[in-house]
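Working notes, structure below.
The values are calculated or read from the model by the stated rules, or taken from the named source; none is laboratory data. This structure is a prediction, so every number in the text was calculated from the model and none was measured. Methodologically, a virtual Cβ is constructed for each residue, glycine included, from the backbone with ideal geometry; neighbour enumeration extends over all protein chains shown.
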Amino acid sequence: MKRISSQLPGMDSSYNMRLREWEMSQETNKMGTQSRIKDLRDDPLAAARSTRYQSEIFRMERYGKNVSTAQGTMAVAEGNLMQAVDVLQRMRELAVQGATGTVDPAQMGYMGEEVDQLFRELVNIGNARAEDGSYLFSGTQPRTEPFRTTAGHVPGTGGDRITQVDYLGNNGTRLAEVSEGSTMGLNMPGHTVFWAEQQQVYSTTDASSYRVQADSRIRLDGTEIDLRAGDNVYAIIARINDADVALKAELDPVSSSLMLRTTQPHQVWAEDLAGGTVLQDLGILDKESPRPPQNFAKSARVFGGSVFDMAMHLRDALLEGNAEKVGGSGIRGIDDSLQSVTTALAEIGSKDSRLEGIAKRISSETAEVTGFDSEDRGLDLAESITRLRMLEFGHEAALAASARVMQKTLLDYLR
Amino acid sequence: MQSTFAGVELGKRGIIAHQQALQTAGHNVSNASVEGYSRQRVEMGATDPLYFPQLNRENTPGQIGQGVDVQRIARTKDELLEGRIVAEDNQQGYWEARDKYILMLEQVYNEPGDSSVRNLMDKFWDSWQELSVRPSEIAARKAVLQRGQALAEGIQDRFSRLKGIRDSVEGDIQGTVKQVSDLVSGIAGLNEQISKSQALGDMPNDLLDRRDNLIGQLSSLVDITVSSRDPDEMVVASGGVRLVQGRLFEAPAMVVDPDNEGYSRVVWTDSGKDARFRGGKLAALLELRDIDARGEIQDLDMMTVNFTDMVNEIHRGGYDLSGANGRDFFVEYPFINNISGNYDRSGDGEYDSTYVFRITGANALTAKDQVGLRGSLTLPSAGGDVQVEYFPTDTVEDLMSRINLSGSEVTARLNSEGRLSLKGSPASDPRNPDFVIRGLSDSGQFLVGYAGILRKSGPDGAYTWEKADATRDLRENGVGFSVAPLSHPSGWIVVNPKLSADPGAVAAASGSSGISDGIGDGGAALAIAQLRTRPVMLGQASGFDAFFAAQTADIGLRGEEAAKSLDTAKLVMKDLKDLRESFSGVNIDEEMTNMITFQRGYAAIARFVNTFDEMLDTVINRMGV
């Protein structure tokens, strides 16, 4: 292209100046937002990665909050359980004293009174509340007081004493997601923490010829177990034993009836689901009152008591003045209770250390991902300013050049 | 013997010719800054000399020159270059329009930033996490409702912005079609004038320039080819149709298309057939409206309908503070009154179709189980049906991913209870409704007894949407289905007003058989929160993270392509236009130089006339007086 028309230099410089102006405007804009990506087209793949990073950072902040909440809740429970341990240890001391046989009945009576007071304190701990007014040990019924006391008459004393403590909460666990895909239970239901002995439920109904009528489901300790039509009692026992529950089912050889036994101290939570009646037909559950835990059949024999039962047993033995009982089943009961409560404390402790580990990991991951996001999205200010200066410099040079080129034409020289 | 005044005639001819040349130079200079003007050159040639070999030839040595004539005033134009420019111009028009609107679509996203739909959704999930940790609180429920409303509004806002873009493109299309019409009739008019002028032997240069200008404008709007093979009839053609033929023309027009939500189709006025363009601004606008913007809206709808369906499914099974369950969290206005999904498609007052979005089987399946069955599924897709075969050793997971990758407009997943959930996806043919399952059939037992959806295998037990109450053909017990949204779900999504009025009705607890697990249980809330990270199958994406990332990358890459292609097209055009300018543009210095030449020539001939005049004077006044 050898021939240059008069318009060409103007068109050219105009084109190039517009281009440069646009580049300068883009650069200034990016500096204003501190982001390398002003429009998605600037770096589509980095923008796509950035969306993932940002969401991940947001999620990890939430997990961090959940971890703190979990640690806080468990700290409160821990405090209460440590108090309970103190109370039980004092009770044990008294029991040991009372069992020596060198104490006279009147003194045993006073010890019994002290145990009674300690026992009431224990009930209060069981009914402890968190800072927002919800009960700590009632499972997933935070507005229901977990332990209800019933007063009655204790032989050997005057006046009313507490004779029964019933658990009114449920066996639910409140779960919180503490890291991606993994949850942790925040609470401990009272019927596992405050339970001292293995519970055993002996039905008295002969089950040798029993057959399940229709497909049904039972729920033991929150785990659902399917039963098929035509299952006999051995099949039912096999299914229960295969399931992931801390229960063992057996057939009582004497009465050919079903027997349920816990393998870790807690109160058995048994239900028939969806209109089925298998456990009721087998004599385990009462047909009239289907809601656990007060739903065992009246004909069934239930053994195994809670921490409160043990405390009441000790108190009654002391008030009676029965040193043998005190030294035997009394101390044993308190020991079992201590075992349960300290087990619960150990569980809290291990959960807490797991949460510590998770919290550390979350904070280091958050830092890493923030770093990645910043690499993708963040603007290198020094580089950007340099680029802008170069563009400005080029722009000035171009302006000066165009001015010069368009100065003189032949017309200026023709007379 | 020559005539006495032959010399004067010669002079006169010369003067007139040089005058015309000067005038042309002046014309060039005046039009130097006119866009598209090509400089005119006077082509002078020697007049026919005396004497030709003829009978009345004088017997004197010849041939005697008779001076100069202007033979032609021609435009300096390279026709081949013009053809190249016309052919390439539609590329720039196409990418310019595309670049502008894709940028608008990119900006709708608000990514990567804090006010995008993704961010609102993250905050929404976060509020469910909070509720799962404090399930008996009213405050946490209020937060969930607030964030849910903010998300619904964010989605609606994005929908209306996308719709707004689609509407602007429609307006642009109408304007462009009108422009094309005007240009086409203008060119035809000019053709008539030019051919009249050319019939008289003239070169109507300025008319030709103006016609070239109109053709240039037209070439950026639609892809055209120009053919001047027949000198009487210039033909401008596009996509096999002749837009202009001589003074006849065919213009495009707009016709409302009810299948495309009331947007218009471009047709040819005379034949009524659809106009198809492959380049130029009009083609870009049509693609933007019907492929890009519509695709964005479909993606948003698909995410909305799936996400609300999943949240609602879990929320319905969750229990609130009063122990009640069964409420949806998100609802769509207007409500669909017919719970079986019946719909009157033909508009004749009778239900004739069933619009069902999701069908859930009755049986709980395990993903890693082998199906142990043989058969072939028939699923609807854009161009008819697709067959998906399955074999006894396939696992349920394998079969579901085969369904999802088969190109059918049905996606499969296992829901939270492990039941097979088939969902309709957006339809690529605008005549089919989005998010409707149009048919299901199985030659074996997978959908029948295994998953528990159909009653029988084979065509007898097939489910089809083309009749009312088609849901009665599904299995009786345990099959669940949800009705398809009637119009764009993302435009009409709101939080269930019953929940907004009574925050305690927000379900957080799980339960079974109508009994809640307790107000302190946050199982349902946790399940909803975990939807964010689970592989939930949104179209082809396997989870929300993948979906958002894919969307962002997709529009970003399209934008990048548009920007780069536009830069390339602009450079190509610039080079061509510079070449044209170099060839046909006016150089003032050159014209000035030419003017000097012609001026001197003029002066010289005037001088000659003068001399001849003196000679004649001698003959006339001084001979024989």
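Things to note:
- Among the conditions (1) over 24 Å from B:Ser421 (Cβ atoms); (2) touching a residue at least 12 places away in the same chain (Cβ under 8 Å), B:Phe547 misses just one, which is (1).
- Scanning region A:14-65 for residues that are of a type in the set (Phe, Trp, Tyr) and either touching a residue at least 40 places away in the same chain (Cβ under 8 Å) or within 30 Å of B:Ala529 (Cα to Cα) (or both) yields A:Tyr53, A:Phe58, A:Tyr63.
- Counted as qualifying within region B:471-572 are the helices (runs of 4 or more DSSP H) with 3 or more residues that are touching a Phe, Trp or Tyr at 6+ places or on another chain (Cβ under 9 Å), namely B:489-492, B:523-530.
- B:Asn342 meets the stated requirement of being in contact (Cβ under 8 Å) with a residue 40 or more places away in the chain, of a type outside the set (Val, Ile, Thr), crowded, with 20+ Cβ neighbours inside 10 Å and in the same structural domain as B:Met400 (by TED's automatic domain parsing).
- Residues of region A:282-292 that turn out to be more than 25 Å from A:Val307 (Cα to Cα) and surrounded by fewer than 18 Cβ atoms within 10 Å (Cβ to Cβ), as a count: 2
- In region A:50-85, the residue that is farthest from A:Ala359 (Cα to Cα) out of those that are within 7 Å of chain B (Cβ to nearest Cβ) and of a type in the set (D, E, K, R) is A:Arg52.
- Residues that are more than 10 Å from every other protein chain (Cβ to nearest Cβ) and exposed (fewer than 14 other Cβ atoms within 10 Å of the Cβ) within region A:32-49 comprise A:Gly32, A:Gln34, listed in sequence order.
- Residue within region A:123-133 that is out of contact with any Pro (no Cβ under 8 Å at 6 or more places or on another chain), assigned to a helix (DSSP H, G or I) and loosely packed, with under 15 Cβ neighbours inside 10 Å present: yes
- Of all the residues in region B:558-584, those that are aliphatic (A, V, I, L, M), at the interface with another protein chain (Cβ under 9 Å from one of its Cβ atoms) and within 28 Å of the chain's Cα centre (by Cα) number 2.
- Residue in region B:125-139 that is of a type in the set (Lys, Arg), out of contact with any Cys (no Cβ under 6 Å at 6 or more places or on another chain) and part of a helix (DSSP H, G or I) present: no
- Hey, B:Ala275 farther than 30 Å from B:Asp157 by Cα, among the hydrophobic types (A, V, I, L, M, F, W, C) and surrounded by fewer than 20 Cβ atoms within 10 Å (Cβ to Cβ) or not: no
- Criterion violated by B:Asn432 - all others in (1) assigned to a strand (DSSP E or B); (2) closer than 18 Å to B:Ser353 by Cβ satisfied: (1)
- Pick from region B:527-552, criterion among the aliphatic types (A, V, I, L, M) and more than 9 Å from every other protein chain (Cβ to nearest Cβ), ranking: surrounded by the most Cβ atoms within 10 Å (Cβ to Cβ): B:Ile528
- For B:Val236, the conditions (1) crowded, with 16+ Cβ neighbours inside 10 Å; (2) part of a loop (DSSP other than H, G, I, E, B) all hold with the exception of (2).
- Answer residue from region B:85-113, given it is in contact (Cβ under 8 Å) with a residue 40 or more places away in the chain and small (Gly, Ala, Ser) and is nearest to the other protein chains (Cβ to nearest Cβ) among those: B:Ala97
- Residue match in region A:339-360 (condition: without any contact (Cβ under 8 Å) to a residue 60 or more places away in the chain, touching a helix residue (DSSP H, G or I) at 6+ places or on another chain (Cβ under 9 Å) and of a type in the set (S, T, N, Q)): yes
- Verdict on A:Gly152 being touching a strand residue (DSSP E or B) at 6+ places or on another chain (Cβ under 7 Å), of a type outside the set (Val, Ile, Thr) and exposed (fewer than 14 other Cβ atoms within 10 Å of the Cβ): yes
- Per the listing B:Ile555, B:Ile605, the residue uniquely touching a residue at least 12 places away in the same chain (Cβ under 8 Å), more than 18 Å from B:Asp89 (Cβ to Cβ), more than 14 Å from every other protein chain (Cβ to nearest Cβ) and surrounded by 19 or more Cβ atoms within 10 Å (Cβ to Cβ) is B:Ile605.
Conditions (1) over 22 Å from A:Leu8 (Cβ atoms); (2) crowded, with 18+ Cβ neighbours inside 10 Å, marked per residue:
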site	(1), (2)
B:Val42	yes, yes
B:Tyr51	yes, no
B:Asn56	yes, no
B:Gly67	yes, yes
B:Arg72	yes, no
B:Glu79	no, no
B:Ala87	yes, no
B:Val108	yes, yes
B:Asp114	yes, no
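- Residue that is nearest to the other protein chains (Cβ to nearest Cβ), among those in region B:501-525 that are modelled with pLDDT of 90 or more and surrounded by fewer than 24 Cβ atoms within 10 Å (Cβ to Cβ): B:Gly504
- Within region A:85-112, restricting attention to residues that are under 16 Å from A:Phe308 (Cα atoms) and free of Cβ contacts under 8 Å to residues at least 40 places away in the same chain, the residue that is surrounded by the most Cβ atoms within 10 Å (Cβ to Cβ) is A:Val87.
- Breaking point among (1) within 30 Å of B:Val180 (Cβ to Cβ); (2) small (Gly, Ala, Ser); (3) within 14 Å of chain A (Cβ to nearest Cβ), for B:Ser116: (1)
- Pairs where the first residue, in region B:514-538, is more than 30 Å from B:Gln551 (Cβ to Cβ) and the second is among the charged types (D, E, K, R) and crowded, with 24+ Cβ neighbours inside 10 Å, C-beta under 7 Å, 6+ apart: B:Gly520/A:Arg174; B:Asp521/A:Arg174; B:Gly522/A:Arg174; B:Gly523/B:Asp517
- In region A:1-31, the residues that are under 60 Å from the mean Cα position of the chain (by Cα) and within 10 Å of chain B (Cβ to nearest Cβ): A:Leu19
- Of all residues in region B:1-60, those being under 60 Å from the mean Cα position of the chain (by Cα), more than 30 Å from B:Asp212 (Cβ to Cβ) and assigned to a loop (DSSP other than H, G, I, E, B) number 1.
- Considering region B:400-428, the residues that are touching a residue at least 60 places away in the same chain (Cβ under 8 Å) and part of a loop (DSSP other than H, G, I, E, B) include one that is nearest to B:Leu440 (Cα to Cα), namely B:Ser425.
- Of the strands (runs of 3 or more DSSP E) entirely within region A:162-262, those holding at least 1 residues that are of a type in the set (Lys, Arg) and farther than 30 Å from A:Asn124 by Cβ occupy A:216-220, A:247-252, A:257-262.
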